[in-house]
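Peer 1: I'd like to ask you about the structure that follows.
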Amino acid sequence: SDGAMRPVSGTSFAAPRVAAIVARRLADAPAQGGDRVVRQLEAEALDLGPRGRDPIYGWGQIASE
């Protein structure tokens, strides 16, 4: 409300961010396909919880692009 930026978290913020990254990557190289883009994001994610995918963090944090 005061115009300042603040860190956010949660699925409501993560889902559109990840969707935008996937869309941008597919626009840049449409032949690679959605499955490949998803695998790339999984491999690039910063693991935040127990090693590998977990119920709290999923694959982890996606870096900004």
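The values are calculated or read from the model by the stated rules, or taken from the named source; none is laboratory data. Keep in mind it's a predicted model, so treat the numbers as computed, not measured. Here the Cβ positions follow ideal geometry from the backbone for every residue, glycine too, while neighbour counts run over all protein chains shown. Heads up: the accessible areas ignore ligands, DNA and RNA and are worked out on the full protein's heavy atoms, side chains in. Shrake-Rupley method; radii C 1.70, N 1.55, O 1.52, S 1.80 Å.
Peer 1: Go through (1) open to solvent by 100 Å² or more (accessible area, probe 1.4 Å); (2) out of contact with any helix residue (DSSP H, G or I) (no Cβ under 8 Å at 6 or more places or on another chain); (3) assigned to a loop (DSSP other than H, G, I, E, B) and name the single condition Glu65 misses.
Peer 2: Failed condition: (2).
Peer 1: When the residues of the stretch 27-36 are filtered to those that are aliphatic (A, V, I, L, M) and in a helix (DSSP H, G or I), which remaining residue is most open to solvent (accessible area, probe 1.4 Å)?
Peer 2: Only one residue tops the list, namely Ala31.
Peer 1: Counting only residues that are part of a loop (DSSP other than H, G, I, E, B), under 17 Å from Gly10 (Cα atoms) and among the charged types (D, E, K, R), how many does the stretch 37-60 have?
Peer 2: Total meeting the criteria: 2.
Peer 1: Also, I was wondering about something else. Only one residue in Arg39, Arg6, Arg24, Arg53 is open to solvent by 50 Å² or more (accessible area, probe 1.4 Å), over 17 Å from Glu65 (Cα atoms) and at pLDDT 90 or above. Which one?
Peer 2: Arg53
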